[in-house]
1. What number does the chain give for Rg over Rh if you use C-alpha atoms and the Kirkwood radius?
2. Could you give the DSSP H helices of the chain that reach 18 angstrom or more along their long axis (alpha carbon positions) and whose average Kyte-Doolittle hydropathy is no lower than 0.0?
3. At a 1.4 Å probe, what is the % contribution of carbon and sulfur to the accessible area of segment 193-342?
4. For the chain, build the charge dipole from Cβ charges (+1 Lys, Arg; -1 Asp, Glu) around the Cα centre, then report which of Pro15, Ala240, Ala160 sits farthest towards its positive end.
5. Any idea which of Gly349, Met148, Gly251 is furthest toward the positive side of the dipole for the chain, if Lys and Arg beta-carbons carry +1 and Asp and Glu beta-carbons -1?
6. Counting heavy atoms of the protein chains only and a 1.4 Å probe, report the per residue accessible area for segment 154-245 as a whole number of Å².
7. If the only charges are +1 at each Lys and Arg Cβ and -1 at each Asp and Glu Cβ, what is the size of the charge dipole of segment 206-349 around the Cα centre, to the nearest 20 debye?
8. Relative to the Cα centre, what is the charge dipole magnitude of the chain, using +1 at the beta carbon of each Lys and Arg, -1 at the beta carbon of each Asp and Glu, and rounding to the nearest 20 debye?
Amino acid sequence: MTKERLLELLGELLPAHSPGGEEGEVDRVLLPYFRDYCRDVRQDAAENLVGYVPGRGEGCPMIVVAHKDELGMIVKRVEEDGSLRVEALGGVPPWKYGEGPVDILTPGGILTGIMSVGSLHTTEESPLVEQAREKPLDWPMVRVVTCMGREELEAAGVGAGSRLALTRSRKGPLMVGDCVAGFGLDDKGALAVMLETMRQLSEDEPPAQDLYFVASSTEEQMGCGATVVASNLPVDTMLALEIGPVAEEYGLKLDSRPVIWYRDSTATYTKSFCDELVALGERLGTGAQRAVYGHAGSDASCARSSGQVGRVGCLSFPAINTHGCELAPVAGLLNMQRILLAYLRGERG
């Protein structure tokens, strides 16, 4: 995978809206790739995209999964003045977005709203602004201003359950030195890695084992999609492709080495599987970092915790600012793809 190919894929994936449960835009980006590189492509009842690639029969079938949903908002109610009360879809506080434009997804297209707390030049008579001065911004303090009336919004299909996403112009990708930045690199960076790996396998010899490539739905909502797909496929192994949060407490560095998850807050990963990925990274010269996360999860750990799959691993690229404007070394993504491709071809450390 080249830097140019990575940025090309991210240029398609990042602007495509996919707040959990309303992922049609990114589906339309992904489906042509799945149809080009996989067999038996389908979308299941949980809205996961699934593609099958037959292997050489050298191991048990495996799921390789990256999630296609992104963080966003869901409408709780429409106020009389046409402003929207919203809640988070996934674990994102409003201070990760700040005041600014958001896209309201409707059956007829996109409407624009502005996330708002209120004017700063106020006193204690403006309680929401006073709260925001005194404690971290939380969703009950936020309104989305639409400059439309409630009846007008209802006629456009906006109501409880409608989804919102950060406006496209803020999503990226943006190069910052040797890093790429954008909202939604979790998990569209990993989707780009998966798509390029699918392409290379389709043009080369078959993988070692039968593979089911999955672009999963609603991972940010407790891994619901991948749990469903794991329960319906004849597999005992799942490899999640993820973003790897870098923080001093985990002993991780923002560099070119991919991150292998050994445990997260949902489950413990299969140690022998993790060790194979680390050893392969060392043999390939990419290196690898090992992580035990106290506040994170993946499709694989969610599927394992519900008893749907037995052997699980998670391969990721290092990044900071997770669930915000994420920043990741390009080399970390490229090296992640090298490890993934080599592993699926049957190479080991």
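The values are calculated or read from the model by the stated rules, or taken from the named source; none is laboratory data. From a predicted model like this one, the values you see are computed outputs, not experimental measurements. Cβ atoms come from the backbone with ideal geometry, glycine included; neighbour counts cover every protein chain shown. Ligands, DNA and RNA are excluded from the accessible area calculation, which covers all protein heavy atoms including side chains. Shrake-Rupley method; radii C 1.70, N 1.55, O 1.52, S 1.80 Å.
1. 1.00
2. TM-like helix candidates: 185-202, 271-284, 330-344.
3. On segment 193-342, the fraction of accessible area on carbon and sulfur atoms equals 48 percent.
4. Ala240
5. Highest projection toward the positive end goes to Gly349.
6. The answer is 31 Å² per residue.
7. 360 debye
8. So the magnitude is around 760 debye.
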